[in-house]
Every structure is written in C-alpha cells, then in structure tokens.
2 protein chains.
Amino acid sequence: MNRPAGLLALSAALAVQPAAAAPVDLDAVRAWRAEHAAAILEDFAALLAIPNVASDAESIRRNAAHIARALEERGVTTELWITGEAPPIVYGRLDADGAERTLGVYLHYDGQPVDAERWTSPPWQPTLYTASLEDGGVPRPLPRPGEAIDPEWRLYARSAGDDKAPIPALLGALDALAAAGASRTSNLVFFFEGEEEAGSEHLQRYIEEHREQLEVDAWIFCDGPVHQSRRPQLVFGVRGYTGIDLTVYGAARTLHSGHYGNWAPNPAHRLARLLASMKDDDGRVLVAGFYDDAEPPGAAERAALAALPPIDDGLRSELGLAETELGNAPLADRLLLPSLNIRGLASATVGETARNIIPTEATASIDIRLVKGDDPARILDRVEDHVRGEGYVIVREEPDLETRRAHPRIVRSIRRQGYPAARTAMDLPISRQIVAAARHAAGDDLVLMPSLGGSLPLHLFTDLLGAPAVIAPIANHDDNQHAPDENLRLANLWYGIDLMASLLTMD
Amino acid sequence: MNRPAGLLALSAALAVQPAAAAPVDLDAVRAWRAEHAAAILEDFAALLAIPNVASDAESIRRNAAHIARALEERGVTTELWITGEAPPIVYGRLDADGAERTLGVYLHYDGQPVDAERWTSPPWQPTLYTASLEDGGVPRPLPRPGEAIDPEWRLYARSAGDDKAPIPALLGALDALAAAGASRTSNLVFFFEGEEEAGSEHLQRYIEEHREQLEVDAWIFCDGPVHQSRRPQLVFGVRGYTGIDLTVYGAARTLHSGHYGNWAPNPAHRLARLLASMKDDDGRVLVAGFYDDAEPPGAAERAALAALPPIDDGLRSELGLAETELGNAPLADRLLLPSLNIRGLASATVGETARNIIPTEATASIDIRLVKGDDPARILDRVEDHVRGEGYVIVREEPDLETRRAHPRIVRSIRRQGYPAARTAMDLPISRQIVAAARHAAGDDLVLMPSLGGSLPLHLFTDLLGAPAVIAPIANHDDNQHAPDENLRLANLWYGIDLMASLLTMD
C-alpha cells in the first residue's frame, strides 16, 4: 500500500457541502458544464494522453497518480493500493454531511493494448473530430473557452470510452454540484482498477484485503457502452463464465484415409456426434440439468424485458442472419439463460493443406455463460456427465496406448476456471432509487436491462462484498472499444455528467 | 516425343530367345542371382544415386535416360515420351518369339520429396545397412563380388522401395532368364512414369496419345509394399477417390459469445449436427444411396477375403484402438465399400489462442473413397442431396449478406476432382495365370487382395485402355515409403527377381 505524499494535505473544501434539495436541478449542472466544457475536455485529453496498458507499469502508475490528484483536488481522501508489480487501485472516500448511505463507484483506468498502425490518430494523442470517422469527421483543435461545442464531436483516444470516460463525468459532476451548492446525499467510495483489460488478476485479493474499506450500500459500476439502440441504460447483472475443452481420440498415429478409411474410428466424426448431442437444431442445450439452477427473472425483470426497445430485427439484418435460435427468441431473454457455445473446432487441417488422413484427434473448445444461480463447477460436471452418457470415458491427460486399448471412446476434458454470474434485483429499494436518479438524467429513454450477456467479475462486489451493483454505462455504443479508433461522443460525456450529478444527489 | 540418339542402334541380342519349358526353374534364376548379387546391388545403387523428385526436371531426365539405357542393353526397344516440362515416360517394347500375349509393366521412377535433415544417411547416397535401423543395423560397404550377402541387409535411399525397386527386379529377371536360356512367354511393354508422386498430371494425356502402343493383354502394376503380414501379395484393384469441403455459416462477423451466445446460430454446432447426420455411431454412412452403386465382390474375391491372414487384432493393438467400425468388421472387407472420412475440421481456434467468440464459419474437409461401380460426381451429388435434406441451401461461392439474410442454413460446397476405382476380376483366365506365376515365386504364402484401400489412377489402364491390371508389389511393408530413411530389404529384391522371372515365363 502506498499513498502519494502531499495529497493528503490538500484541504477538502468540497467535502462538506450545504444542504439543498435532492435530486439536483440539472439545468444548473448543464449551465456549469457548458461554461466549463473547454476545460473539461482539456483535462480529459491530458488524462487520455497517458498510455494505459496494464503491463506498462510505469505509465499505469502515472495514470493512478494523475487520477488520485484530481480526486484530492475535489476533497477526496485517496489511497493507492499496490500489490507487487500489479497496477494500483485508486481508492478514495468522500463523505457527505449527514448521509447514511454510502455509494461505491467502480471504473477501470487501464485500456486494451493497441495496434498503433491501425489507428487514424495515434491512440495516446487524443484528437477531437467533428463527427465519427464513419460519418466523415475531420480533426479539429480542442475548443477555446466559450467556443460553441457540437455534442456530436468525438474525442478519439484509447480508453476514451472504455473506461476512462466515467472519470471526467464524475469529476465534472462533483465540480458542478459544488458550484450549484447542491448537497450530495451519499457518502462515496471510489474503487478504480488498473488491470481490468488484463484479466483483473489481483482484484479478488485487493477486495479481500480491504473489505472494511469497501462497505457500501450499493455499487455503481461505470463500464461498458449504452444500449445498442443508442439509448442510455442501467444494467443489473452480468453472466458468469466458464469453459471446457473436449478432445476425442482416434488411432494413436495419423492413418492413410484410403488404407484405413471407414475401419479406424474417425475422431472428428465422433466429436461431431458428441457436439450434436449437446444442443438441438433450435439451439436448446440438451445437457441434463443445464437450465435447472438458473434463477428465473422476477416480475420487475420481466416488465423491463417487455419494455426493451426492439433491436433483434435490425441486428439480424446487420449480421446477415435469416433467423436466430429458438424461433427468433429475443436476445435479451436469451441472456437470462446459461449458454453453451462452441468457440473453436480443430482436427487436422482443411483447405489447401488438408491431407488424405484420418486425424488422430479432434478438439472442441466450448465456453459457457452462467446466470444467477449457476455454479461454474456444477455446470461443468453436468457437461461431463453428458459426455459420459454418450459412452465416453473422461481422462485429464493425453491417454497412453494402454488406456486407448482399454476404452473405445475417450474424451480428454480440460475444465477452465470460471466465476459465477451476478444479478441485482431490480425491485430492491436501492435499485429503485438508482433507476429514479438515472431517469432524472436520461428521461424516459432509459433502458433497464436485467443482465448483460457478457461477463465481468461483478460477483466479487455483489457476493463477496454483499452489496447490490448496478452498471451505469456512459460511452456511446459505437465507441470502438477494444479496437482501433476508440472514441467518446461528447453528448455521451455530457450525459455522464448529468447521470453522476443525479446519482450523487439521489433521494 | 523424343528418343535418346544412338540407343536404338544397340543390338537386341536378348530379344530372340531359344524355346524352353515355362515357367522357369527358379533354382537357375537364384543361382544366377547369387553369383551376380554384388553387380545387381552396384547397378541399383547407381540408379538410386540420381535424385528423382519430379519437379527437378534435369535430374528426372537423367533417371529416364539411365533406365532407358539399361533396357536397351537388354534388347528392349525404348522411347522417351516427353510433353513440355513434364517428366518423360520411359516406354519400351521387347517381343518374345511366337508369343501371342503381351504383358505391360508399369512402375514409376520418381520419388517423394525429401527432408534431408531427417535422414540417417543422405537420401540420394544409397547406403547398405546390416539390418533395419530399428533393429540396430549399421552401415557397411556394398559387397564385393562373391562375398556372402545376408538377405536381411537393407539398402537405404529415396525410392529404394517406392518405386525403383521393380527396376533391378525386372533387369535381373531378364538377365537371369537369358543366362538360363529360358524363353519368355509374353511380349513385353514397359511404361515407366516419372511424376506419380507429383500427382500423375500428364498420365492420362500420355496414355491417350499413345493408345496403340499400349495395347496389352494385362498390366502388371509394380508399386507399393507387400502385405502388412509381411507376406507377398497380388492386389486386384484400388479404390477411387473424390472429396468435398463443406462450410457452414453463422453471422457475417465474429460475435462476442457473451453478448450473442445462444442467440446467434453457431456454425460449428450446425456443422457438427450436419456431419453427425452423415454417419452413425457404428460407422455406417447414412447418405441415401451411398452404397448403392458399389459392385459387391464375387465368389473368387470372397474366397480371397476369407483366406487373408488375420491382421486386424494386431493393427488395433498397434494403433491403440479398443474397437473399430461396424463391430470390428474386417479391414479388408471395409476396403470393398466406399468410405466417407472427415480429414479435417476447422472453426476459429482451440487451445491457448481460443477466444470467447461465436465463429463466423465452420468447415469440414471430407474425402471419399470409391469402389468399382461408383462414379465420383454421382456420389458427390448424393452427399449434396443429403446436405439439402438437412435443410441447407448449397452455394458455390462465399455467400453475400443478401444470400445470408434469405437463407437460414447455407453450405458452401467445394467439390474436388476425382477418379473412379478399378478392380480386375480374380477369376479371369489372365488373373489365374498371374496368380499361378506369382505363387511359383512366392509359394503358398501369397496373399490375394481384391483391392487396396488407397487410390491410384489404375482406371486409366483398366478402363481407358481396357485391360486387366494386377498390382504386384515387391518392397518390404516397412520400407518407410514417402518418409525419411526409405529402404529396401534385400530379401524383397531377391523375391522381386523371382517374381518377374516367373511372370515373364508364365503359362
């Protein structure tokens, strides 16, 4: 653990605030923001100019110090938690007078590695464009103070969307509230991670070691883009993750397909039959018990699903799909069920390098997404039980000749590590309060998603720390996250400031 | 067409021979061979020292000239047929006084490319060993004239087995017969190919252009090794060959398996179900009509199958197989049926490089072996009909977005070229004569195989030229053909001389 010397000495002028009506009047926030927009962008560009790949230890610490300093300037008491060479956690605490509730704010300040040659502007040389590149945007200087700003302008840089965008939103909201004399209604805990894109290897350890500093009533998880419909959203859960690789064996050496074809078993064909047995033509997983542990959505979640904007037809058209699984079941519904997906298949080679052989083995790599109620190990047990039910003996290492001679059907199973899903009930009082605050900023456009399809280790917050967690994205849905030309649309940053100001002053 | 100048002028002292009883007394042949063994090996080593990869045009022509000269020295009228840059055909003709029958002799003098670093002795530096390398053989000089020779010695060099071995066998037989004053009973036509290992691209053209010079009563096809049981064999057919690559499509771009898993169709899973529908758990092909055109073996073939040495149990043990297809149906029986074999599978990646995606496509490469009666195009039509029966639309090019939107199930099918099987009935009079002659050399050990499992364009001889063809292998079964350390066991060369002498003097 380490703390930047001197920062603690900064006085926390903003930490104690006068009482005022909650939630904040957004007109005041927007007026302040319009007046200070050039400074907000300049500060954000300075942050984006610091390279932030988790493995670049020196740069990642510069990011952490930079962010801690910005927090301290706003009265936040900060700490940098450090474990060995791991990127630091920027931790902060900012109490509010008389507040009985504490909100945690999570974001990550590291970004995906870059392939600089594929970027239009250099990834760590933040560049403002007059529109998205796809829409013909051209570079322009950062605005001078007072200059009119088009909300469709976009700032291009690595992590502009994923996931530094919430930082200027939060800082802007703190400043705007202070300027407006609006009271924050919750104590705040900040937990900013620096290795999310590198797999969050130390996240659990950091949380376990600082459990008492992380006691909050709810987590606001600032990550990801808004809804595919371009509308703002709150998301109440994520799917968990696990996986399994299955390898089926044929003869111990590659055989000539003429001399032995249709005498020696073909492992690719055997694997095809095994995989075919796992899922029907409609996409229903046939592994016994696969869906048994999945907690069904409650009334609030069902209502939210029913209210979602229709995106399936547009997605199908964009992706060139005539139909999707289970008779075009809606995407959002499917994300509330565990999934079994073949992410890769391999046996010998295809195309120009294919030879007339019977392969010695065939492998399928499968990933499994879990929903609330599913246990990673238990669902892998069920998949393995299914494999055994198809007549296979399961081994953990490459089988030797004796094992092969003893068993006609052998599968080598490699189980991946995994973690469970997380889902916060949408009808908890704190959930309702967060929804109301977000609607204050977003209006009726707000989309409420019971769960993302993707996975985050959110369970460490919801289960290990035992607090509800709601994901509150800011970035535009087309922010090119993880890709070249990542960008943030300014309208989304302005929304982020509104959203943070509303959350910080919610009832 | 081209002929080496001067060679025609050689007198053909051996072409006219005195009458004598047929078949030849092998004691005389063996005595002559024992006396001349050192010279036979020296001559063979000189031939093996000439590099013989088909693409090495200059070396391959040196081989052809060398072989033609050896034939001319024995009274054979030779021609070198040349088409552009293609390796020449060494053609030869040697009549026998009063013979009404003409036998054609096929072999190929080109060899597989080499990876010289993996050879114990250089591939084109023929080296005699005292046993196989696996049995601890060590190099030794070629024997001096009169020195005792162990038949277990092996000569290591590219093409020692595949397929130059029949050349010293044939030359030795001609010399031994001449020395013994034994009459050949057939006119002989020699057809030695120089690009078999490179795919026989010009074979059909050579045959069509020289059809009248290739009129024979039967072809002796000198290629391949003896039976896996190590016993000598005659083989009466080969399987034909074709193939098809099937690609199934998912979304037009790679999708995140969390965000779209179990909503977007997974092409790897679809392909697995398609492949699973083609063959049952026992190995029976389920494509309608797949077995319909296969000519069943006749009485002679069934008797030969029943008399085959049992090799299946040993093979299963060697290959680490607990069981083989169709309830352990014998290998030789399975080779008389067409086969459908998945030779490769691919979709995205497995192992350490696998990512959590839904692949855009999945491909299976399938090879199909045909038996007598099967037509390559017709059997591919049946496979495609099966694919359509599973609900797929077949396309020939990568489908565009519009095609994808219109059809939920699309397979891109790439049909490979192919050629039919060939099989010579074992109860033809000429077949019986060849069997009797081979048995004269091999004794009761001789194995009679209705068909190889592998494929050769034998149909060009049996169907295009309309003559029976019998494969008469000489090389040891463990000759490492196509691999490093290819070799010929001397006992097999001695057998080859006996076999050729018997065939050239058969009733």
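For the stretch A:439-454, which positions are closer than 25 Å to residue A:296 by Cβ and away from chain B (no Cβ under 14 Å)?
Those that are closer than 25 Å to residue A:296 by Cβ and away from chain B (no Cβ under 14 Å): A:446, A:447, A:448, A:450.
Can you confirm whether the stretch B:428-435 contains a residue that is in contact with a Gly (Cβ under 9 Å, 6 or more places away or on another chain) and either in contact (Cβ under 8 Å) with a residue 24 or more places away in the chain or of a type in the set (A, V, I, L, M) (or both)?
no
For the stretch A:201-218, state whether one or more residues are in a strand (DSSP E or B) and not hydroxyl-bearing (Ser, Thr, Tyr).
Checked against the condition, which is being in a strand (DSSP E or B) and not hydroxyl-bearing (Ser, Thr, Tyr), the stretch A:201-218 yields at least one hit.
What number goes with the only condition from (1) closer than 18 Å to residue B:499 by Cα; (2) in a loop (DSSP other than H, G, I, E, B) that residue B:167 does not pass?
Among (1) closer than 18 Å to residue B:499 by Cα; (2) in a loop (DSSP other than H, G, I, E, B), the lone unmet condition for residue B:167 is (2).
Note down all Cβ pairs under 6 Å where the first residue falls in the stretch A:191-206 and is farther than 18 Å from residue A:222 by Cβ, the second is assigned to a loop (DSSP other than H, G, I, E, B), and they're at least six residues apart or on different chains.
A:198/A:54; A:202/A:83; A:202/A:86
Output the residue which, of all residues in the stretch A:231-245 that are touching a Lys or Arg at 6+ places or on another chain (Cβ under 7 Å) and assigned to a loop (DSSP other than H, G, I, E, B), is surrounded by the most Cβ atoms within 10 Å (Cβ to Cβ).
A:239
Please go through the stretch B:354-375 and pick out each residue that is of a type outside the set (A, V, I, L, M, F, W, C) and more than 8 Å from every other protein chain (Cβ to nearest Cβ).
B:360, B:361, B:372, B:373, B:374, B:375 - these are the residues of the stretch B:354-375 that are of a type outside the set (A, V, I, L, M, F, W, C) and more than 8 Å from every other protein chain (Cβ to nearest Cβ).
With the checklist (1) at pLDDT below 95; (2) buried (at least 22 other Cβ atoms within 10 Å of the Cβ); (3) small (Gly, Ala, Ser) in hand, flag the one item residue A:454 doesn't pass.
Evaluating residue A:454 over (1) at pLDDT below 95; (2) buried (at least 22 other Cβ atoms within 10 Å of the Cβ); (3) small (Gly, Ala, Ser) leaves (2) as the failure.
What's the total number of residues in the stretch A:113-139 that are among the aliphatic types (A, V, I, L, M), surrounded by fewer than 19 Cβ atoms within 10 Å (Cβ to Cβ) and over 21 Å from residue A:60 (Cα atoms)?
So the count comes out to 3.
Could you tell me whether residue A:251 is part of a loop (DSSP other than H, G, I, E, B) and at the interface with chain B (Cβ under 8 Å from one of its Cβ atoms)?
yes
Yes or no: residue B:204 surrounded by fewer than 24 Cβ atoms within 10 Å (Cβ to Cβ) and within 22 Å of the chain's Cα centre (by Cα)?
yes
Could you list all residues from the stretch A:359-396 that are among the hydrophobic types (A, V, I, L, M, F, W, C) and under 29 Å from the mean Cα position of the chain (by Cα)?
A:364, A:366, A:368, A:370, A:371, A:377, A:379, A:380, A:383
Among the strands (runs of 3 or more DSSP E) confined wholly to the stretch A:13-123, which include 1 or more residues that are in contact with a Pro (Cβ under 9 Å, 6 or more places away or on another chain) and over 30 Å from residue A:139 (Cα atoms)?
The strands (runs of 3 or more DSSP E) meeting that bar are A:77-81, A:102-108.
Search the stretch B:309-324 for residues being under 24 Å from the mean Cα position of the chain (by Cα) and of a type in the set (D, E, K, R), and hand back the single one that is surrounded by the most Cβ atoms within 10 Å (Cβ to Cβ).
Checked the stretch B:309-324; the qualifying residue surrounded by the most Cβ atoms within 10 Å (Cβ to Cβ) is B:316.
Only one of A:271, A:335, A:305, A:345 is assigned by TED's automatic domain parsing to the domain that holds residue A:258 and farther than 16 Å from residue B:269 by Cβ; which?
None of the other options fit; the residue is A:335.
Given the condition more than 22 Å from residue B:225 (Cβ to Cβ) and at pLDDT 95 or above, answer yes or no: does some residue in the stretch B:109-122 qualify?
The answer is yes; a qualifying residue exists.
For the stretch A:119-175, which positions are in contact with a helix residue (DSSP H, G or I) (Cβ under 8 Å, 6 or more places away or on another chain) and without any contact (Cβ under 8 Å) to a residue 40 or more places away in the chain?
Scanning the stretch A:119-175 gives a single hit, A:122.
Which residues, counting only those in the stretch B:30-65, are buried (at least 19 other Cβ atoms within 10 Å of the Cβ) and closer than 24 Å to residue B:144 by Cα?
Matches in the stretch B:30-65: B:32, B:33, B:37, B:40, B:41, B:44, B:47, B:48, B:50.
If the requirement is being surrounded by fewer than 24 Cβ atoms within 10 Å (Cβ to Cβ) and modelled with pLDDT under 95, which of these qualifies: A:228, A:213?
Of A:228, A:213, the one residue that is surrounded by fewer than 24 Cβ atoms within 10 Å (Cβ to Cβ) and modelled with pLDDT under 95 is A:228.
Kindly list the number of the only condition in (1) closer than 22 Å to residue A:368 by Cβ; (2) in contact with a helix residue (DSSP H, G or I) (Cβ under 7 Å, 6 or more places away or on another chain); (3) surrounded by 18 or more Cβ atoms within 10 Å (Cβ to Cβ); (4) not aliphatic (A, V, I, L, M) that fails for residue A:301.
Condition not satisfied by residue A:301: (2).
What do you reckon, is residue A:21 in the same structural domain as residue A:142 (by TED's automatic domain parsing), at pLDDT 95 or above and surrounded by fewer than 15 Cβ atoms within 10 Å (Cβ to Cβ)?
Criteria not met by residue A:21.
Condition test on residue A:406, is it under 30 Å from residue B:242 (Cα atoms) and either crowded, with 17+ Cβ neighbours inside 10 Å or without any contact (Cβ under 8 Å) to a residue 40 or more places away in the chain (or both)?
Considered against the rule, which asks whether it is under 30 Å from residue B:242 (Cα atoms) and either crowded, with 17+ Cβ neighbours inside 10 Å or without any contact (Cβ under 8 Å) to a residue 40 or more places away in the chain (or both), residue A:406 comes out as no.
Sort out which residues of the stretch B:387-430 are away from chain A (no Cβ under 12 Å), touching a helix residue (DSSP H, G or I) at 6+ places or on another chain (Cβ under 8 Å), of a type in the set (A, V, I, L, M, F, W, C) and within 23 Å of residue B:295 (Cβ to Cβ), and write them in order of number.
B:422, B:425, B:426
Hey, can you tell me all the residues within the stretch A:254-281 that are under 23 Å from residue B:327 (Cβ atoms), facing another protein chain (nearest Cβ under 7 Å) and of a type outside the set (Gly, Ala, Ser)?
A:256, A:259, A:260, A:262, A:263, A:265, A:266, A:269, A:273
Taking the stated definitions as given, is residue B:439 in contact (Cβ under 8 Å) with a residue 40 or more places away in the chain and more than 28 Å from residue B:373 (Cα to Cα)?
no
Looking only at the stretch A:176-215, which residues are touching a helix residue (DSSP H, G or I) at 6+ places or on another chain (Cβ under 7 Å) and either more than 22 Å from residue A:23 (Cβ to Cβ) or not assigned by TED's automatic domain parsing to the domain that holds residue A:30 (or both)?
A:191, A:192, A:193, A:194, A:203, A:204, A:207, A:214 - these are the residues of the stretch A:176-215 that are touching a helix residue (DSSP H, G or I) at 6+ places or on another chain (Cβ under 7 Å) and either more than 22 Å from residue A:23 (Cβ to Cβ) or not assigned by TED's automatic domain parsing to the domain that holds residue A:30 (or both).
So, in the stretch B:365-386, how many residues would count as being farther than 23 Å from residue B:301 by Cβ and touching a helix residue (DSSP H, G or I) at 6+ places or on another chain (Cβ under 6 Å)?
1
The values are calculated or read from the model by the stated rules, or taken from the named source; none is laboratory data. Computed from a prediction, not measured in an experiment: that's the story for all the values here. Here the Cβ is made from the backbone with ideal geometry for all residues, glycine too, and neighbour counts use every protein chain on show.
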